[in-house]
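Enquirer: Next up is a structure, given as structure tokens.
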Amino acid sequence: MRPMNLEDIARKAGVSRSTVSRVINHEAYVSERTRQRVLQVIEAESFSPNQAAQMLARGRTFVMGVVVPHETGAFFDDPFYFPTLLRGVTEVANQRDYATLLWLGDASLEGTRFYRRVLQNRLMDGLFVSTAPTDGILLDWLLELHIKFVVAERPVHSADRISYVTVDNVGAAIMVTEHFLRLGRRRIAHIVGRRTNIDALDRLAGYRQALARAGCPVDEALIEDGYFTRRGAYEATLRLLPHRPDAIFAAHDQMAVGVLQALHRAGRRVPEDVAVIGFDDLPTATEVSPQLSTVRQPVHEKGAQATRLMLDMIDGSVTEPQHLLLPTELVVRETCGGTSP
């Protein structure tokens, strides 16, 4: 026997299909007598309406999208940052009875094709975007389509129109560079994350600003790209060594591990010959030897705060763009010497 549908309930109750739909969705314009008659038939027949169709009819699916624009390799190669960020997202989503739909960038798809696939999906009430691509295409489309979303980085464009949660990457990089300077280091190198990532660009900007404040010229030979990967930073460090750095600021802890591996291979002592500081303070930092000095940012809290903000936007309790800046802290361990500022 096939399951009952709205037409069957309507026929048994002697009303139209649209009237049954109004009763199920708790809409007005149905008399109390009619409503009770329909409800009695629903109860007698043990009818369960299609929840997906019902949610779409109400304009709410209780599904939020999570977009990680990076290629899948970048996501799975980092065992700490993205899992920690997503744990914060899913904990809050679960508390608010929301399911999550994860979208990972695909190397086989040109960027705009990937974005179109995300935007053509109609099952999401809003989007959490893990990074703000510097091309701005995805965020521009989200604004144009009036989709509610929050970014876990400061957007490059239209920041005044976009809600985001981030940390002061410029200030944190200044803090790192000034710490090296206080230790008497003068050949301070920086390994940049990925130049399509605003956090990486802000950390590079902070590094440059700190040197300028101290009256130290910026030596472009001491700036290399590491692409937020351990292998990229390892190779970048080998390219830096002929330029005699006495300190290296890596824009990510996984990259800092690559730096330590390259220095060990080259026979350089840490921190005696080269001091090293990373960024994030994820478990990697204390699992290596010597233990890594790094900038602690609240990755879990960033995901949680961004999700709360987005769900508040969906509920209508937040109607204007919000910009949340979370604190950072320099954690001094064995790879740079000195004490915390």
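Enquirer: Between a first residue in segment 247-276 that is within 17 Å of Glu224 (Cβ to Cβ) and in the same structural domain as Ala173 (by TED's automatic domain parsing) and a second residue that is part of a helix (DSSP H, G or I) and charged (D, E, K, R), which pairs have beta carbons less than 7 Å apart while being 6 or more apart in sequence or on different chains?
Expert: Note: pairs meeting the criteria are Ala251/Arg203; Gln254/Arg230; Met255/Arg230; Val257/Arg230; Gly258/Arg230; Gly258/Arg231.
Enquirer: Another question, then. How about segment 1-82: which helices (runs of 4 or more DSSP H) wholly inside it have at least 1 residues that are at pLDDT 75 or above and within 30 Å of Met313 (Cβ to Cβ)?
Expert: Once the helices (runs of 4 or more DSSP H) in segment 1-82 are filtered for at least 1 residues that are at pLDDT 75 or above and within 30 Å of Met313 (Cβ to Cβ), what remains is 17-24.
Enquirer: Criterion first (outside the structural domain of Leu139 (by TED's automatic domain parsing), surrounded by fewer than 16 Cβ atoms within 10 Å (Cβ to Cβ) and at pLDDT below 95) does Pro217 satisfy it?
Expert: Answer is yes for this residue.
Enquirer: Can you go through Val170, Val156 and tell me which one is assigned to a loop (DSSP other than H, G, I, E, B), aliphatic (A, V, I, L, M) and in contact with a helix residue (DSSP H, G or I) (Cβ under 7 Å, 6 or more places away or on another chain)? Lay out the reasoning, then the answer.
Expert: Working: Val170 fails: assigned to a loop (DSSP other than H, G, I, E, B).
Just one listed residue meets the conditions, Val156.
Enquirer: In addition: Name every residue in segment 310-341 that is surrounded by fewer than 23 Cβ atoms within 10 Å (Cβ to Cβ) and in a helix (DSSP H, G or I), in order of residue number.
Expert: Within segment 310-341, Asp312, Met313, Ile314, Asp315 qualify.
Enquirer: Exactly one of these conditions fails for Val156: (1) buried (at least 23 other Cβ atoms within 10 Å of the Cβ); (2) under 24 Å from Ile223 (Cβ atoms); (3) modelled with pLDDT under 95. Give me its number.
Expert: Every listed condition holds for Val156 apart from (1).
Enquirer: Can you find even one residue in segment 264-272 that is of a type in the set (A, V, I, L, M, F, W, C) and in a helix (DSSP H, G or I)?
Expert: The answer is no, given that none of the residues of segment 264-272 is of a type in the set (A, V, I, L, M, F, W, C) and in a helix (DSSP H, G or I).
Enquirer: Only residues that are within 16 Å of the chain's Cα centre (by Cα) and surrounded by fewer than 21 Cβ atoms within 10 Å (Cβ to Cβ): list them for segment 140-153, please.
Expert: Lys148
The values are calculated or read from the model by the stated rules, or taken from the named source; none is laboratory data. Only a predicted model underlies this, so the values are computations on that prediction, with no experimental measurement involved. We place every Cβ from the backbone using ideal geometry, glycine too, and count neighbours over all the protein chains shown.
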